[in-house]
């Protein structure tokens, strides 16, 4: 693979992810498409695109994830970092939750607040 070929491949991928981001922005601006999910229009800023499935020139589906910081109880001092994965099938699909991972537990911190001491 030549250097020029790798730049072209990177540029195509960058363009694909840019188009997918534009589509996601439009979806998050339509509250009826988010209805029935825990997603809100304000969550768009926390979306990270994980994978884009495309046919020849159309994007068929987008898998994205959102980082959340849920607390198990309003008075709890526990702090969690959770990554939720969502998939949306285009053109008219609604976001479907694919799963979630508690990143705090993966790191061995088990929900301690940020900056806390052991």
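Sorting 85, 60 from the fewest to the most surrounding beta carbons within 10 angstrom yields 60, 85.
Scattering from segment 3-106 was approximated by placing one identical point on each alpha carbon and applying the Debye formula without solvent; log10 I(q)/I(0) at 0.19 1/Å stands at -0.97. Pairs of Cα atoms nearer than 8 Å and 6+ residues apart set the relative contact order; for segment 3-106 it is 18 percent. Extension gain for the segment residue 12 to residue 30, taken as residue separation times 0.36 nm less the Cα-Cα distance, is 3.7 nm to one decimal.
The peptide list 10-18, 24-32, put in order of mean Cβ contacts within 10 Å with the highest first, becomes 24-32, 10-18. Taking 7 Å steps out from each Cα toward its Cβ at residue 56 and residue 69 produces label points 4.8 nm apart. Rounded to 0.05, the FRET efficiency of the residue 38 and residue 3 pair, given R0 = 41 Å and the Cβ-Cβ distance, is 0.40.
Throughout, read-outs are computed from the coordinates displayed, never taken from laboratory work. These figures come from a predicted structure and were not determined experimentally. Virtual Cβ from ideal backbone geometry, glycine too; neighbours counted across all protein chains shown.
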